[in-house]
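Below is one structure, written out as structure tokens; comments come after it.
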There are 2 protein chains.
Amino acid sequence: MLQSHLLDRSESTYSALSAPDEAMPDASLRDVFLRLGGTILVERNGEIYADGEPAEHVYEVMSGVVRICSYLEDGRRQICAFHFPGDVFGFELDEVHAFSAEAVTPCKLAMARKSAFKDAASREPTLCAAMCRTVATSFAQLQAHVVLLGHKSAQQRVTAFLKALTRHHANAGVVELPMSRQDIADHLGLTIETVSRTITQLQDLGVISLEGSRKITVRRRQLAA
Amino acid sequence: MLQSHLLDRSESTYSALSAPDEAMPDASLRDVFLRLGGTILVERNGEIYADGEPAEHVYEVMSGVVRICSYLEDGRRQICAFHFPGDVFGFELDEVHAFSAEAVTPCKLAMARKSAFKDAASREPTLCAAMCRTVATSFAQLQAHVVLLGHKSAQQRVTAFLKALTRHHANAGVVELPMSRQDIADHLGLTIETVSRTITQLQDLGVISLEGSRKITVRRRQLAA
DNA sequence: CGGACAGTTGAATCAAATCAACAAACGTGG
DNA sequence: CCACGTTTGTTGATTTGATTCAACTGTCCG
């Protein structure tokens, strides 16, 4: 009852808050997914594709959250990006996936064969442009992440992360974290302990407040970049 | 062996960059540049475009080396990428450049209006595909860089960087560094001092040797990832 | 020659990692 | 429903790798 649940909660919450800004990157892309592909459901922590597998599909997140990650030899993990409803991923040019994609929460994904996409794109220039735009969007995000990882302190990383998350919430000021501390740490290039400490530190500063470990209220817009 | 497999893959990702030196990413792209645009020369440390300027052109490096960078409020700089002959840059979708591009060495660049490119692309699907591929290539490089910045030690960063540079040299084993220690530091998320120390350290280990500060001979292929 | 960079090296400091407990939340099965 | 083990998150003590501050060397070029 108390836990009635993860599943429910994430399902409803996320599809609900997919609404805001970048939920719909491109109507024409969405159409193509519906025309060319189907949808799949993936359970929490389920694998969407793995590092090394042939890369044959392109995906769009319909609900839930996806992480794109790389496993290092020593077992550590780097999460390059999280994808939220409306985001498209899996368009890497290589024949083989260089990274893995996993479901952070239960996910519903639209999925289409790359080849079908390419065919469609060669007939419809606007579609091709839409794809380019999609890739470019991810590219810009990644560039920003490089800046974050290259030169920022733990506190700056965490605040930037929280700030980015608020974009996915209609209800400004309240952020529901779909991912674990470990996920956050692996994304920000920190350790769980540092993430945890930094969050309590921000709490002490009055910048945020927690209600349970996964729900954060942002007190001030003053999240320094 | 599983190990070495992993290693190889991440390697190739990093410098899946552009192929060797003059290998052009795409003949059709090169053609379009010649058809639609002209070439420009930029002196060492010259600005190609700045952060905040309207983004109207796309470029291809014909000779020289370019850095794409971001300046933080505190004056520090993050270099997202270096571009070598054959690389295309300036594809960002935004109307305005989020990053700056500067010449590390004197450069000759092919340059074409984005709008002309788009027009051409809408008529020629293969061109559009080539553009997508180009963006995807930069994307893959950047992903690899995120992994590097997120979880690697100074030594790993420097060795990975040197290894990536060898791709641009026909004469395997000898790397001529076109950029300063400061450039390297800003790219790898380190300080000049750390880069310098790490290089001497690699020298002490017998992995590399220097002939002047800008010319490095790689002794062993044993550059661990 | 001398001044300005570019690069190296040393010593002290610090932010984040590591090592180590502990606490809280979850969920499973009696 | 509760007891119990497991996972997830927090906190503390200590270590450490990289930064910072500072001095010094080499090199290029007017």
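In region B:172-183, the residues that are on the phi > 0 side of the Ramachandran plot and away from every other protein chain (no Cβ under 14 Å) reach residues that are away from DNA strand C (no atom under 12 Å from the Cβ) and part of a helix (DSSP H, G or I) with C-beta atoms within less than 9 angstrom, at least six apart or across chains, in these pairs: B:Gly173/B:Thr166. Scanning region A:168-203 for residues that are modelled with pLDDT of 95 or more and of a type in the set (D, E, K, R), we see that the one that is surrounded by the fewest Cβ atoms within 10 Å (Cβ to Cβ) is A:Glu193.
The single condition among (1) closer than 21 Å to A:Gln143 by Cα; (2) outside any strand (DSSP E or B); (3) within 14 Å of another protein chain (Cβ to nearest Cβ) that A:Gly75 does not satisfy is (1). Out of region B:5-62, which residues are within 23 Å of B:Thr166 (Cα to Cα), modelled with pLDDT under 80 and of a type in the set (A, V, I, L, M)? If the condition is that a residue be within 23 Å of B:Thr166 (Cα to Cα), modelled with pLDDT under 80 and of a type in the set (A, V, I, L, M), then B:Leu6, B:Leu7, B:Ala16, B:Leu17, B:Ala19, B:Ala23, B:Met24 are the ones that fit.
For (1) among the charged types (D, E, K, R); (2) on the phi < 0 side of the Ramachandran plot, each residue gets a yes or a no:
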position: B:Gly38; (1), (2): no, yes
position: B:Glu47; (1), (2): yes, yes
position: B:Gly90; (1), (2): no, no
position: B:Ala112; (1), (2): no, yes
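Only one of the listed residues (B:Phe99, B:Phe89) is under 17 Å from the mean Cα position of the chain (by Cα), at the interface with another protein chain (Cβ under 7 Å from one of its Cβ atoms) and not basic (Lys, Arg). That residue is B:Phe99.
When we screen A:Arg157, A:Arg133, A:Arg123, A:Arg167 for residues that are closer than 26 Å to A:Arg44 by Cβ and within 14 Å of chain B (Cβ to nearest Cβ), the only hit is A:Arg157. Count of region A:86-120 residues, restricted to those that are farther than 16 Å from A:Ile40 by Cβ and not in a strand (DSSP E or B), is 14. Within region A:163-198, the set of residues being away from DNA strand C (no atom under 16 Å from the Cβ) and either among the basic types (Lys, Arg) or in a loop (DSSP other than H, G, I, E, B) (or both) comprises A:Lys163, A:Arg167, A:His168, A:His169, A:Ala170, A:Asn171, A:Ala172, A:Gly173.
Taking B:Ser209 as the residue in question, decide whether it is over 28 Å from A:Arg67 (Cα atoms) and either buried (at least 19 other Cβ atoms within 10 Å of the Cβ) or at pLDDT 95 or above (or both). For B:Ser209, the condition - over 28 Å from A:Arg67 (Cα atoms) and either buried (at least 19 other Cβ atoms within 10 Å of the Cβ) or at pLDDT 95 or above (or both) - is not met.
Results for (1) among the small types (Gly, Ala, Ser); (2) within 19 Å of B:Ser180 (Cβ to Cβ), shown as yes or no for each residue.
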{"site": "B:Leu36", "(1), (2)": "no, no"}
{"site": "B:Val42", "(1), (2)": "no, yes"}
{"site": "B:Glu47", "(1), (2)": "no, yes"}
{"site": "B:Pro54", "(1), (2)": "no, no"}
{"site": "B:His57", "(1), (2)": "no, no"}
{"site": "B:Val104", "(1), (2)": "no, yes"}
{"site": "B:Arg113", "(1), (2)": "no, no"}
{"site": "B:Ala136", "(1), (2)": "yes, no"}
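Check A:His187 against each of (1) of a type outside the set (A, V, I, L, M); (2) near DNA strand D (Cβ under 10 Å from one of its atoms); (3) within 14 Å of chain B (Cβ to nearest Cβ) and name the one condition it does not meet. If we test A:His187 against (1) of a type outside the set (A, V, I, L, M); (2) near DNA strand D (Cβ under 10 Å from one of its atoms); (3) within 14 Å of chain B (Cβ to nearest Cβ), just (2) comes out false. Being in contact with a Pro (Cβ under 8 Å, 6 or more places away or on another chain), at pLDDT 95 or above and crowded, with 20+ Cβ neighbours inside 10 Å is a condition met by at least one residue of region A:65-78. Scanning region B:136-154 for residues that are more than 16 Å from DNA strand C (Cβ to nearest atom) and either modelled with pLDDT of 90 or more or more than 7 Å from every other protein chain (Cβ to nearest Cβ) (or both) turns up B:Ser138, B:Phe139, B:Ala140, B:Gln141, B:Leu142, B:Gln143, B:Ala144, B:His145.
The values are calculated or read from the model by the stated rules, or taken from the named source; none is laboratory data. These numbers come from a predicted model, not from an experiment. Cβ coordinates were reconstructed from backbone atoms using ideal geometry, including for glycine residues, and neighbour counts include every protein chain displayed.
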